[in-house]
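What follows is a short report on a single structure.
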Ligand SMILES: [Zn+2]
């Protein structure tokens, strides 16, 4: 057990109310924190401003409260923390690890074609480093800021060594590896429209909030290597990662706000919690809610401190 050093968090984007899938991640992170005797924080990830829906943050706070999932400190809003993100970007610029890029998608396609390949990843193009290599047009348009993934870190003795070939041990998925330079290339920290990217804000806030354990949906697992690389570049500690099973919709795709997942029906919070607990492999409880949460916490603690039951088969 991690004891009093444990700090966990739930970090929803206010693009829609919580649905059955997001409650699974919320419950898993809450149970993990409680079973470890740790603290549990709530962070509203509202930096992707075009997709943020006004008022949804308050809905999420109320939904969690109705489910008995109360954070141990007042929630923080990422939209109020831009000075932290700016400072991190400036640190990376000063280290020569971040550079401006004004490539359009078309520019990147052309550059990749010139190299004889069209490497794509989840429909994202692997950035070939054109602006870092001085191969692109002058920076006439508004620029994004990208992080270098081609440098072995060790320059001034201040940074840990190693390349962006990242390995880590996910508490549920086991040993993981990704060569970030090969898989995604130099990735964006701040978009040309000024929005901060998920990678940067999560890394900065996890460190600023002292997060020791990240428990989140498996759809986010693919970001972990990029975040560990960024943590190394910024000299920040690397939390432990646990990625939860996903709730799939009728079409087999991950249930999400984007594919029309219904907002949680909180006429019966216990029913919503029982459905979420079932995804994690835990038996239904009869309530009331605080008693159900205490029963699941005891089960997690009794079964190795994993918020997913050991008898649950691994997700594909
Ligand atoms: Zn570029």
Fill in the blank from the handout: Of (1) under 19 Å from the mean Cα position of the chain (by Cα); (2) outside any loop (DSSP other than H, G, I, E, B), residue 236 satisfies every one except (2)
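Can you find a residue in the range 59-67 that is in contact with a helix residue (DSSP H, G or I) (Cβ under 9 Å, 6 or more places away or on another chain) and at positive phi? Write out each step before concluding.
Keep residues of the range 59-67 that are in contact with a helix residue (DSSP H, G or I) (Cβ under 9 Å, 6 or more places away or on another chain), which gives 60, 63-64, 66-67.
Filter again for at positive phi, leaving none.
No, every residue in the range 59-67 fails to be in contact with a helix residue (DSSP H, G or I) (Cβ under 9 Å, 6 or more places away or on another chain) and at positive phi.
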Completion exercise
Within the range 93-143, the count of residues that are part of a strand (DSSP E or B), at pLDDT 65 or above and more than 9 Å from the ligand (Cβ to nearest atom) comes to 3
Completion exercise
When the range 1-32 is checked residue by residue, the ones that are more than 17 Å from the chain's Cα centre (by Cα) and modelled with pLDDT of 95 or more are 6, 31
Handout entry: Verdict on residue 42 being surrounded by 14 or more Cβ atoms within 10 Å (Cβ to Cβ) and not in a helix (DSSP H, G or I)
Key = yes
Problem - Residue match in the range 45-52 (condition: modelled with pLDDT under 95, surrounded by 17 or more Cβ atoms within 10 Å (Cβ to Cβ) and not in a loop (DSSP other than H, G, I, E, B)) - result: no
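The values are calculated or read from the model by the stated rules, or taken from the named source; none is laboratory data. Computed from a prediction, not measured in an experiment: that's the story for all the values here. Virtual Cβ from ideal backbone geometry, glycine too; neighbours counted across all protein chains shown.
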